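The values are calculated or read from the model by the stated rules, or taken from the named source; none is laboratory data. Nothing here was measured: the structure is a model prediction, and the numbers come from that model. Glycine also receives a Cβ, built like all others from the backbone with ideal geometry; neighbour counts cover every protein chain displayed.
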Amino acid sequence: MTPGVPLLFSAACLLGGVVCGPRRARTWLALTLAGAAGALGAALLVLGGAPDWEWRHGFAVGGETLHFRLDGLSALFLALLGLVAGTGAIYAQEYWPEAHYPASAPGGRSWWCGLVLGMGLVLVSANGLHFLIAWELFTVCAFFLITLDRQRREVRKAGWLYLAASHAGTVCLFAFFATLAARTGSWEIGPLRGRLDCAPLFWLALAGFGVKAGLFPLHIWLPAAHAGAPSHVSAILSAVAVKMGVYGLIRFSGWLPAPAAAGWVVTGLGAVSALFGIAFALAQNDLKRLLAYCTVENVGIILTGLGAAMLGAAHGDAPWGRLALAGALLHVWNHGAVKALLFFGAGSVLHATGTREMSRLGGLWRAMPWTASLFALGAVAIAGLPPLNGFVSEWLVCLGLFDAATRPGPSAWAATPAAMVLAVAGALALATFAKAAAIVFLGAARTRSAEHAHECGALMRGPMLALAALCLALGLAPVWFWPAIARAAGAWNPAWAGREPPAPLAILGPLQGMLALLAVAAAAGLWWKSRANGWRRGLTWDCGYAHPSARMQYTSGSFAGIAAGWFGWLLRPERRIRRPRGPLPAAASWMERVPETVLERVLGPAGRALLRLSSAARRLQHGRVQAYILYVVAGLLAVGTLVLLGGMP
């Protein structure tokens, strides 16, 4: 069977889901799962060795005939889309049911199918005009999904910010595709590696796709949108939607010649995104904003690997470039699976307690053991610790950077600092998720809502279990997934097709398996020893107080205070302090907020200054003809004066 059959079946099911979504929830779920399965099946056929699929039809859209293509690279992203679309649809049935959200749940089902269909069309479009149409389709669907809870003002603001940022990126992409079409004489897109005159267009692609990918400092829309959207929407935005920007950068950096400085710039931007993204994540008190900023970090890791691959390809197809690209492509899948799992876990916490503020949670592991265990597994994976999947892909990227750093040549100048930055980012990621898991699930409940929390049901738990199983499989048997990575790498650079798995990857799976067995054995031994000796409960250190309370626990701010202080110049925290006064103070408070620095301290003031300038310019339009004549005369005098001054010796 060719991949075209399941792709057409998938598109038909998703269109059916768009139509029937507002009316029949069960029919919508069946159609959505069938569509997701069709997309996943088509992708697995190509990744498993089937020939690339290509299809043309005489039907014209916008004056251009339909042309679709599915190769190894687009199949890698399409498989991730099918997985998250299916698990997210199941999760939404319990998390955002029509019984509790009668106004938004029916429309949300249709927008979900529209989003999945739009992203699928982006991945298979082989025509620049149709690519832009599909890009705009999924952008608009994502806007309506982000604003499902539009009664809240902050959600509406997040949606409009997302839409404005997305359209700014779309302007760059329209310029990119239109200029490419003007130079090649066609809107058709494909490999053009010999067209050196198209190399400068890479900068337009970097700006346009960088906005969608959340590349720092183009990430301004991402924290608010991910935090304000329903958790299943946050999951698909972080796991897949931002990957559309990553897909665009990988795709066109492989199809088009890149400027000489492109690899350096992408490596540098990726390293900066990784470091600054996790620094902002560490300082957050909102659980979903923490996960959103972590997305910025992981996109940075992927693009660091891509930049190293571009440098390797430019230096005679260096082996370290292949390692970095393999790590970047594998991290697309690893981050997608882990981040969907973590957002589902955060949604379970929000569903049970009604709050995302970590300082109002605590002790949830007693009431929510499944959510706590699965979130902890995701936290270990996203922090890049063995034996889970995050370690494998980050390790491959770092191996490529280390290898490049030890080779003579200019590539070492980019690889050495990038490797150092990723090492610091990894340490901060460990601190960030130790904080998140500990503050939310350990200790004592800080509020009544945390005391009365409850575990999620089967429809929310099942998708989390499936994603956790995938994280384990990717970590313990990475060689199984190498053929898919090799097929995608070959689509990016044909010289790298059909390569055997690198030796470090071949031995990593058994080592990770042994480590996992040792960890399980140690945990079982500790459990048996504790049961044999009997359980004894007692208070933790109470700091000299006779009756310790939950308020004496570490908060999220105090947990990360020292590390966050290292980046005070970047975070620029806002503090409101009410100091204790008198010998017997009655009250005191300390409130701290970390703003979105780029948006609130750079773009916001610049936008307000532009509005003030525009308002001042409007005063010149008052309808008096005499004044308009005066403006013309003054302008002519100014021009004449400049001409005279320019002609003087």
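Do we have any residue at all in the stretch 245-264 that's in contact with a strand residue (DSSP E or B) (Cβ under 8 Å, 6 or more places away or on another chain) and either at pLDDT 90 or above or aliphatic (A, V, I, L, M) (or both)?
Of the stretch 245-264, the ones in contact with a strand residue (DSSP E or B) (Cβ under 8 Å, 6 or more places away or on another chain) are none.
Checking the stretch 245-264: not a single residue is in contact with a strand residue (DSSP E or B) (Cβ under 8 Å, 6 or more places away or on another chain) and either at pLDDT 90 or above or aliphatic (A, V, I, L, M) (or both).
I'd like to verify a number: residues in the stretch 592-631 that are basic (Lys, Arg) and part of a loop (DSSP other than H, G, I, E, B), how many? Before you say what the answer is, go through the steps one by one.
Going residue by residue through the stretch 592-631, those that are basic (Lys, Arg) are 593, 601, 608, 612, 618-619, 624.
When the remaining residues are screened for being part of a loop (DSSP other than H, G, I, E, B), the result is 619, 624.
Result for the stretch 592-631: 2.
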The listed residue being out of contact with any His (no Cβ under 7 Å at 6 or more places or on another chain), without any contact (Cβ under 8 Å) to a residue 24 or more places away in the chain and more than 28 Å from residue 191 (Cβ to Cβ), out of 30, 36, 89: 30
Condition broken by residue 161, with the remaining ones in (1) in contact with a Phe, Trp or Tyr (Cβ under 6 Å, 6 or more places away or on another chain); (2) assigned to a loop (DSSP other than H, G, I, E, B) satisfied: (2)
Some residue of the stretch 140-155 being surrounded by 20 or more Cβ atoms within 10 Å (Cβ to Cβ), among the polar types (S, T, N, Q) and under 21 Å from residue 39 (Cβ atoms): no
Which numbered condition residue 617 misses (of (1) more than 28 Å from residue 570 (Cβ to Cβ); (2) at pLDDT below 75; (3) not hydroxyl-bearing (Ser, Thr, Tyr)): (2)
Residue list for the stretch 261-309, filter: closer than 17 Å to residue 400 by Cα and among the aromatic types (Phe, Trp, Tyr): 264
Odd one out for residue 580, checked against (1) over 30 Å from residue 279 (Cα atoms); (2) assigned to a helix (DSSP H, G or I); (3) of a type outside the set (A, V, I, L, M): (2)
Residue list for the stretch 242-274, filter: under 22 Å from residue 225 (Cβ atoms) and not aromatic (Phe, Trp, Tyr): 242, 243, 244, 245, 246, 248, 249, 269, 270, 272, 273, 274
Residue count for the stretch 193-242, restricted to those that are on the phi < 0 side of the Ramachandran plot and assigned to a loop (DSSP other than H, G, I, E, B): 12
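Here is a list: 104, 166. Which entry is of a type in the set (Gly, Ala, Ser) and either more than 18 Å from the chain's Cα centre (by Cα) or modelled with pLDDT of 95 or more (or both)?
On the way: 166 fails: either more than 18 Å from the chain's Cα centre (by Cα) or modelled with pLDDT of 95 or more (or both).
After applying the criteria, what remains is 104.
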Residues of the stretch 12-33 classified as surrounded by fewer than 19 Cβ atoms within 10 Å (Cβ to Cβ), aliphatic (A, V, I, L, M) and more than 11 Å from residue 110 (Cβ to Cβ), total: 4
